[in-house]
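A quick write-up on the structure given underneath.
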Amino acid sequence: MSVILTREGRDRTIEVTPSGDGFIVTVDGKEHRVEGVFGGLMRVRIDDRPVEASVRRQGLDLVVEIRGRAYLYRPRDPRAPKLTRKSVADQTRGELHAPMPGLVVDVMVAEGDTVEAGQPVVVVEAMKMQNALVAPLSGRVTAVRVQAGATVDSGALLLKIQPEEG
């Protein structure tokens, strides 16, 4: 499995390959042997060094806590184009695009609904994880281009929101 994790504007390419009782995790070309207990609270050995950390979802992000410090990462499928520049313009226009290819699990709004910025509006499942996508701004939904059960490509337009006047 391959994924790109973005933290503070820097992309890191991660490749995870099963190996024996653990995994070989390649981070930006450097291999690490990882073994242990995986899940929310992880007790692992990375290159024979013990590490205890917790990992949880927060919206589209992953929060990794190690030794009392929290690190926020945004996962992205490496097949998906980088949408950062486009997404800023899309947010001001009120467009919501799929961040990666996936299956639409739920559409929580309809045309004509009023939404608040940050309100969950569409759930897309990608890489076996459900991602609640949120309204980029407050306003009225003017177009819903997907329905539950549809598959979407990365960058596909999901819905449009007319910004609030004010």
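The numbers here are math on the coordinates, done by the rules we state, and not lab data. Bear in mind the structure is a predicted one, so any value in this text is a computation, not a measurement. Glycine gets a Cβ as well: all are built from the backbone with ideal geometry, and neighbour counts include every protein chain shown.
Numbers at a glance
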| quantity | calculated |
| --- | --- |
| Rough spin-label spacing in nm, given labels placed 7 Å along Cα→Cβ, for residue 151 and residue 65 | 3.8 |
| Shape of the range 2-76, Cα gyration tensor, a/c cut at 1.5 | oblate |
| Angle in degrees between helix 84-93 and the longest Cα principal axis of the chain, rounded to the nearest 10 | 30 |
| Given the chain, longest segment not containing exposed loop GluC sites (Glu not before Pro) (DSSP; at most 16 other Cβ within 10 Å) | 9-110 |
| Most mobile of 50, 75, 136 in a GNM of the chain (Cα contacts under 10 Å) | 50 |
| Taking the chain and dividing mean pair separation by its residue count, relative contact order in percent (alpha carbons under 8 Å, at least six apart) | 17 |
| Whole-Hz ³J(HN,Hα) from phi, Karplus 6.51 cos²θ - 1.76 cosθ + 1.60, for the range 104-116, glycine and proline x | 6, 8, 8, 10, 9, 9, 10, 4, x, 5, 9, 10, 9 |
| Within the chain, longest stretch free of exposed trypsin sites (Lys or Arg not before Pro) [DSSP loop, at most 10 other beta carbons within 10 Å] | 1-66 |
| Rg ratio (alpha-carbon, reference 2.2 N^0.38 Å) - the chain | 1.18 |
| Amide hydrogen neighbours beyond the local backbone of residue 137, cut-off 5 Å, H modeled | 118 |
| Per-selection Kirkwood Rh - the range 35-76 (Cα, Å, 1 d.p.) | 10.8 |
